[in-house]
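The values are calculated or read from the model by the stated rules, or taken from the named source; none is laboratory data. Because the structure is a prediction, the values reported are computed rather than measured. Ligands, DNA and RNA are excluded from the accessible area calculation, which covers all protein heavy atoms including side chains. Shrake-Rupley method; radii C 1.70, N 1.55, O 1.52, S 1.80 Å.
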Amino acid sequence: MNKYIKNILRFCIIVLLQVLILNKITLRWWNEPSGFPVFIPYVYPLFILLLPFETPVWALLILGFGLGITVDSFMNTAGMHACATIFIAYLRTNVLSALLPRNLSEYAGQQPTIKSMGWMPFLVYSAFLILIHHFVFFTIELWNFTNIGFLLLKVVASAVTSMLFIVVYLLLFTRQSTSRI
């Protein structure tokens, strides 16, 4: 399948999954009303994370803005998702360069996936950028640092839940390679 059609389909699937299913799920980690804050798992940044290695930064920024503004339009959040998504799109290339043993140009035609990177590097890469995304988003949403504990709790709880959903997405929608011994 053409890589452009594949990424357009991925964009549509991830946005629909986020908007139609995950935005309707409100989670609490405790049953008490005064327990954890209500939060929604955000998996839509996965689209930016799974773009091919050779995607230039300017294209990542444009796609990040398009993705973020699309989610903003459905969630009525006035650019908060766009800001957080543009920020991780900007950092993506540097994070990949730091994590991978070879230069990014040597991964031509590949995408950052579990198959191309391995489980641990991919999970570190995605968890780091998801944490950054959530920190930027929730900082803009709460707009103050007076209750830094609440902010950090919300960021960590949302990031952990988002990573669980991302792993499930990857297990469902990526082909697993069979290794020969």
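For the chain, the relative contact order is 23 percent, taking Cα pairs closer than 8 Å that sit 6 or more residues apart in sequence and dividing their mean separation by the residue count.
Here the mean projected area of the convex hull built on the C-alpha positions of segment 91-181 is 7.6 nm².
GNM on the chain, C-alpha springs below 10 Å: top fluctuator among 107, 125, 44? It is 107. Phi angles of segment 80-93 translate, via the Karplus equation with coefficients 6.51, -1.76, 1.60 and θ = phi - 60°, into HN-Hα couplings of 5, 5, 4, 4, 5, 6, 4, 5, 6, 5, 5, 7, 3, 4 Hz per residue; Gly and Pro are given as x. Using the Karplus relation 6.51 cos²θ - 1.76 cosθ + 1.60 with θ = phi - 60°, the per-residue 3J(HN,Hα) values for segment 50-57 come to 9, 5, x, 4, 7, 5, x, 4 Hz, with x marking Gly and Pro. Stokes-Einstein, applied to the Kirkwood radius of segment 106-156 over Cα pairs at a viscosity of 1.002 mPa s and 20 °C, places its translational diffusion at 168 µm² s⁻¹. Note: relative contact order over segment 70-140, using C-alpha pairs below 8 Å and six or more positions apart, is 41 percent.
Taken over segment 44-147, the ratio of Cα radius of gyration to 2.2 N^0.38 Å equals 1.11. Heavy atoms of the protein chains alone define the surface here; on that basis the chain has 56 Å² accessible area per residue at 1.4 Å probe size. Across 52, 101, 41, mean-square fluctuation computed from a Gaussian network of the chain (C-alpha pairs under 10 Å connected) peaks at 101. Put simply, the amide H of residue 39, placed in the peptide plane, has neighbours under 5 Å in 27, leaving out anything fewer than 5 places away on its chain. Across segment 15-20, coupling constants 3J(HN,Hα) worked out from phi with the 6.51/-1.76/1.60 Karplus curve, θ = phi - 60°, read 5, 5, 4, 5, 6, 8 Hz, and Gly and Pro carry x. Here is the P(r) of the chain: all C-alpha pair distances, binned every 5 Å from 0, give 1, 8, 16, 21, 21, 15, 9, 5, 3, 1, 0, 0 in whole percents.
Here is how the number arises for the chain: DSSP H runs of 4 or more residues each give -39500 (n - 2.57), the sum is divided by the residue count, and the result at 222 nm is -20500 deg cm²/dmol.
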